[in-house]
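**Student:** Next up is a structure, given as structure tokens.
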Amino acid sequence: MNPDLLPQRYARLSITLHWLMLALFVGVYGCIEIKGLLPRGHGLKAPLLGAHALFGMAIFALVWIRLLGRLKPRPPILPSPPVWQTALGRLSHLALYVLMIATPILAWLMLSAAGKPVPWFRFALPSPIGLDSTLTKQFKEWHELIGNAGYWLIGLHAGAGLYHHYWIGDNALARILPKRL
């Protein structure tokens, strides 16, 4: 497609979802970090874990809308970056999508293997597997491993946007920023 015919900015829905996902990630990570700082038996631990799960499920639900949006042509980065930067950008976006899909699925499997219900508003998600303490531990390790990698992925993503904006001076970040009022 002719780059001159492509939009210069992402659509409003894409921009809104991008920044909403950031807020949800802040909620996911903030809840789990605060929970970890509280002493055993503290009354806020369970609500924080519930909020962590709710934010994670919201990310999982919204990621599919974002993936559909990626089927549309994206605004080009101008001036065009070198091929290696484009490849790294695609790889990092792929890793972020794996994070947004795999982490909630692993949490669901972990809780199912532990015999714990996964609440979703007034319903409970069905358990795809039976009780298995060994699987519970394995899914928990994978969930935490990918979750910890998320700190780095999100940080690199943000750093790359700032690098493009302030160092290179292209429009990579400006394409996803909300319009100024």
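**Student:** What angle do you read, to the nearest 10 degrees and between 0 and 90, between the alpha-carbon axis of helix 12-37 and the longest principal axis of the chain?
**Tutor:** Rounded to the nearest ten degrees, it is 40.
**Student:** In the chain, if the dipole is taken from +1 on Lys/Arg beta carbons and -1 on Asp/Glu beta carbons about the Cα centre, which of F60, G161, A11 is farthest to the positive end?
**Tutor:** Positive-most Cα among the choices belongs to A11.
**Student:** How far is helix 83-113 tilted, in degrees, relative to the longest principal axis of the Cα atoms in the chain, given as a value from 0 to 90 rounded to the nearest 10?
**Tutor:** The answer is roughly 20 degrees.
**Student:** Another question, if that's okay. Within the chain, count lysine pairs with alpha carbon atoms under 21 angstrom apart where the residues are 8 or more positions apart or belong to different chains.
**Tutor:** Close lysine pairs under the 21 Å cut-off: 10.
**Student:** Relative contact order for region 12-167: what is it in percent, counting Cα pairs under 8 Å that are at least 6 residues apart?
**Tutor:** Relative contact order for region 12-167 comes out at 18 percent.
**Student:** Keeping all protein chains in place, calculate the accessible area per residue for region 12-167 (probe 1.4 angstrom), answer in Å².
**Tutor:** It amounts to 66 Å² per residue over region 12-167.
**Student:** Enter the accessible area of E33 (Å², nearest 10), with the probe set to 1.4 Å and all protein chains included.
**Tutor:** Estimated to the nearest 10 Å², E33 gives 90 Å².
**Student:** Quick check: with the 1.4 Å probe, what order do R70, R90, R175 take by accessible area, largest first?
**Tutor:** Ranking R70, R90, R175 by accessible area, largest first, yields R90, R70, R175.
**Student:** Counting pairs of Cα atoms in the chain, how many percent are more than 19 Å apart?
**Tutor:** 65 percent
**Student:** Carbon-plus-sulfur fraction of the accessible area of region 12-167, 1.4 Å probe, in percent?
**Tutor:** Whole-percent figure for carbon plus sulfur exposure: 73.
**Student:** Compute the long axis of helix 45-69 from its Cα atoms, compare it with the longest principal axis of the Cα atoms of the chain, and write down the angle in degrees, 0 to 90, nearest 10.
**Tutor:** 40 degrees
**Student:** Ignoring everything but the protein chains, give the 1.4 Å probe accessible area of Y151 in square angstrom, nearest 10.
**Tutor:** 90 Å²
**Student:** While we're here: Towards the positive end of the charge dipole of the chain, with charges on Cβ (+1 Lys, Arg; -1 Asp, Glu), say which of M21, V83, L106 has the farthest Cα.
**Tutor:** Working it through, the farthest residue towards the positive pole turns out to be M21.
**Student:** Which value, in Å² and to the nearest 10, is the accessible area of I32 when all protein chains are kept and the probe is 1.4 Å?
**Tutor:** That residue has around 60 Å² of solvent-accessible surface.
**Student:** Using the beta-carbon distance between K116 and E144 and R0 = 22 Å, what value does 1/(1 + (r/R0)^6) give for FRET efficiency, to the nearest 0.05?
**Tutor:** Approximately 0.85, to the nearest 0.05.
**Student:** Considering only protein heavy atoms, with the full assembly of protein chains and a 1.4 angstrom probe, order W120, W167, W108, W84 by accessible area, largest first.
**Tutor:** These residues rank, largest area first, as W167, W84, W120, W108.
**Student:** Sketch the reach of a paramagnetic label on L156 as a point 7 Å from Cα along Cα-to-Cβ, and name the residues of region 84-120 whose backbone nitrogen lies under 17 Å away.
**Tutor:** Backbone N within reach: 84-103.
The values are calculated or read from the model by the stated rules, or taken from the named source; none is laboratory data. Everything numeric here is computed off the predicted structure, so don't read it as measured data. We place every Cβ from the backbone using ideal geometry, glycine too, and count neighbours over all the protein chains shown. We work out accessible area using only protein heavy atoms, side chains counted, and drop any ligands, DNA or RNA first. Shrake-Rupley method; radii C 1.70, N 1.55, O 1.52, S 1.80 Å.
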